[in-house]
Amino acid sequence: MTVVMKFGGTSLATAHLRDCAAERVREARESGQRIVVVVSAMGRLGEPYATDTLLRLLEGFCRTPAREIDALTACGEEISAAYFAALLNDRGVKAVSLRGSQAGIITNGAHGDAEIREIRIAPILDHLNRGEVVVVAGFQGVTDDGEVTTLGRGGSDTTAVALAAALPDARAEIYTDVDGVLSADPRVVDGARAVEEVTYEESAELARKGARVLHPRAAERARASGVAVEIRNTCGPSPGTRLVPDEGRWSDDRELPPRTTAVTSIGQIAQVVVAGERFFEDPARLENVFARVAARGISLDMLSIGADQAAFTVAGARAPEISEALADLDLTVRINPACSKVTLVGGGIHGIPGVMHRMVRALARAGIGIHQSVDSNMIISVLVDADREEDAVRALHAEFFG
């Protein structure tokens, strides 16, 4: 069995955490498993090798080609890989570091958001066959013509899952600073608890809606390949959370609390309400609104359209552009720049009567108004004032998990 163990920036941020990570690898290696480690850049903004710290080197420049940004930011993971391999060797565990290019990770040419097209695993297998632990720099790859690319934020998760899918008889373990997927952010909810298992789709939805556990692209790749994934605490004894197939996860006889997985949230959102007469009778007016927004490359969310108005959300930083784009139209444009989206995630909530009632009731009891809502097969999201975001998370967590 090959285990791909991914350690994120927070898992390598301090000497204690690095020791925990090294001990995890040593124990797994001594149990007879073949080990591939994927690492992120160490630490957060302010730490010398963190990605955001490296990016600050470019702040004084008017323009920097995406190619050079990738060349710079890839260094953080390469430093982590070399350092962690040296640490393992110092602890008596034979290890070797590989850059993404050396590990055979081939991508397209989309600098800053590249997709993995292929993994040529021969170099990794050669080192594994020599009894070495292979430490791969995550977040990066190389094009067929030798250009270094990065996979976007959270890309080390994708590296780990892609390697586990490519290597024979492999699984992925994602290590973090919490006990797996939690029912809420523990910094907001004291009673947040680890969830034993979530589906691939649930994990992707959690990530899209603000949870910082597994990147959506990694969850989607795990789902497509069927690779086994566990999310665990770097230092804690918790068994963590297993990702399981979506099919058969929920049965019709389960009650509501087990059907809900977590409450998550994301801030810095602006709500846009565009009102005008005869939207229904004159669809061209509405089309013009969205054409102008699209021309600015602005992504929309939480879209709802009525007979005389449309409402949607955008990233808060893009709100001024919305005002500019729609300024000369014969429409009323109202922008609420300070909103947050709070989401209940659960594979079994679709089509179950009473879930929305319970959400509205919990928020009403906390005195929290809802600006807008949206739902899909496994989420219900509500838009609230930004200064009530944490109150809303706590209220919903108490309702569904208390």
Matching strands (runs of 3 or more DSSP E) fully within the stretch 51-156 where at least 3 residues are in contact (Cβ under 8 Å) with a residue 24 or more places away in the chain and touching a Lys or Arg at 6+ places or on another chain (Cβ under 9 Å): 105-107, 133-137, 140-142
Which pairs have Cβ atoms under 8 Å, sit 6 or more apart or on different chains, and link a residue in the stretch 20-38 that is in contact (Cβ under 8 Å) with a residue 60 or more places away in the chain to one that is among the charged types (D, E, K, R)? ALA22/ARG91; ARG26/ARG91; ILE35/ARG29; VAL37/LYS6; VAL38/LYS6
Within the stretch 132-147, track down each residue that is over 14 Å from GLY112 (Cβ atoms), among the small types (Gly, Ala, Ser) and within 25 Å of the chain's Cα centre (by Cα). ALA137, GLY138
Given the criterion in the same structural domain as ASP52 (by TED's automatic domain parsing) and farther than 24 Å from ALA204 by Cβ, identify the matching residue among ASP113, ASP144. ASP144
Residue check: is ASP330 closer than 15 Å to GLU277 by Cα and in the same structural domain as SER373 (by TED's automatic domain parsing)? yes
Could we say that CYS20 is more than 18 Å from GLY155 (Cβ to Cβ), in the same structural domain as ALA170 (by TED's automatic domain parsing), within 25 Å of the chain's Cα centre (by Cα) and crowded, with 16+ Cβ neighbours inside 10 Å here? yes
Quick one: which strands (runs of 3 or more DSSP E) lie wholly within the stretch 254-326 and hold at least 3 residues that are of a type in the set (Val, Ile, Thr) and modelled with pLDDT of 90 or more? 262-275
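Determine whether ALA338 is in a strand (DSSP E or B) and more than 25 Å from THR199 (Cα to Cα).
Values: in a strand (DSSP E or B): yes; more than 25 Å from THR199 (Cα to Cα): yes.
So ALA338 passes the test.
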So VAL333, is it among the hydrophobic types (A, V, I, L, M, F, W, C), crowded, with 16+ Cβ neighbours inside 10 Å and within 31 Å of the chain's Cα centre (by Cα): no
When ILE174 is run through (1) assigned to a helix (DSSP H, G or I); (2) more than 21 Å from HIS397 (Cβ to Cβ); (3) of a type in the set (A, V, I, L, M, F, W, C), the failure sits at (1)
Show the residue pairs that are 6+ apart or on different chains and have beta-carbon atoms under 6 Å apart, the first residue being within the stretch 350-377 and among the small types (Gly, Ala, Ser), the second being buried (at least 17 other Cβ atoms within 10 Å of the Cβ). ALA362/ALA395; ALA362/LEU396; ALA362/GLU399; ALA366/ASP391; ALA366/ALA395; SER373/VAL382
Residues satisfying the stated conditions in the stretch 198-213, i.e. modelled with pLDDT under 85 and assigned to a loop (DSSP other than H, G, I, E, B): GLY210, ALA211, ARG212, VAL213
Top-ranked residue of the stretch 170-195 - restricted to ones that are more than 13 Å from the chain's Cα centre (by Cα) and closer than 18 Å to MET378 by Cα, ranked as surrounded by the most Cβ atoms within 10 Å (Cβ to Cβ): ALA184
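The values are calculated or read from the model by the stated rules, or taken from the named source; none is laboratory data. Not measured: the values here are computed from a predicted model. Using ideal geometry, Cβ is built from the backbone for each residue, glycine included, and neighbour counts are taken over all protein chains shown.
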